[in-house]
Amino acid sequence: NASWSQEISINWKNIIAIAPKYKIDIRNNTNSVKDNPDFKNSTYVTHDIGAGLNITGIKRFNIETSYSLQNRASGMNERNNFHIINTSLYYNLKNNSQLKLTGFDILNQNNATYWGTYGNRTHFQNSIVLRQYFLLGYIHKFNITKTK
């Protein structure tokens, strides 16, 4: 198994920040048994390309969003692109707190897949994970007072 990822963050005046990213994951399974169709070598590669965007201080609103394009297995011999979008909208209240509305997996495409080989067995597992949902929250920031 080999994995490589890179992310860079660019910030402008603490108002707008963008963070593009890329990740590649390679899994290679080899067998010592040669010339037998039941013991095949296999390689599985996934790619993840995306970016995060934060915009702060627009009339007491903050926006955080992330996008990820994941190219991965969706069957034994199939690959699909999964578009994962998460976003949050914060409203800053006057009492040092925030109201937060968050949407996870807005396009409702997230699922968990696992593909691999072991011995003379090749397996694929596809399961549904917690998919599209929305969350409304209240965040209060407590002040820390230092005393001597």
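The values are calculated or read from the model by the stated rules, or taken from the named source; none is laboratory data. Since this is a predicted model, take the numbers as computed values, not measurements. Note: ideal-geometry Cβ built from the backbone for every residue, glycine included; neighbour counts use all protein chains shown. All accessible areas refer to the heavy atoms of the entire protein, side chains included, with ligands and DNA or RNA removed. Shrake-Rupley method; radii C 1.70, N 1.55, O 1.52, S 1.80 Å.
Taking into account only those residues within the range 41-54 that are open to solvent by 40 Å² or more (accessible area, probe 1.4 Å) and farther than 30 Å from Thr30 by Cβ, which is nearest to the chain's Cα centre (by Cα)?
Filtering first and then ranking leaves Leu53.
For the range 59-105, what are the residues that are aliphatic (A, V, I, L, M) and either part of a strand (DSSP E or B) or touching a strand residue (DSSP E or B) at 6+ places or on another chain (Cβ under 6 Å) (or both)?
Within the range 59-105, the subset aliphatic (A, V, I, L, M) is 63, 69, 73, 76, 84-85, 89, 93, 99, 101.
Answer for the range 59-105, where residues must be aliphatic (A, V, I, L, M) and either part of a strand (DSSP E or B) or touching a strand residue (DSSP E or B) at 6+ places or on another chain (Cβ under 6 Å) (or both): Ile63, Leu69, Ala73, Met76, Ile84, Ile85, Leu89, Leu99, Leu101.
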Test: residue in the range 41-53 that is charged (D, E, K, R), at pLDDT below 75 and not in a loop (DSSP other than H, G, I, E, B): no
Those residues of the range 123-147 which are of a type in the set (Ser, Thr, Tyr) and part of a loop (DSSP other than H, G, I, E, B), in sequence order: Thr145, Thr147
Scan of the range 1-21 for residues that are under 19 Å from Thr113 (Cα atoms), assigned to a strand (DSSP E or B) and open to solvent by 60 Å² or more (accessible area, probe 1.4 Å), ordered by number: Ser3
Residue list for the range 5-30, restricted to those being more than 16 Å from Ser68 (Cα to Cα), in contact with a strand residue (DSSP E or B) (Cβ under 8 Å, 6 or more places away or on another chain) and not β-branched (Val, Ile, Thr): Asn11, Asn14, Ala17, Arg27, Asn28, Asn29
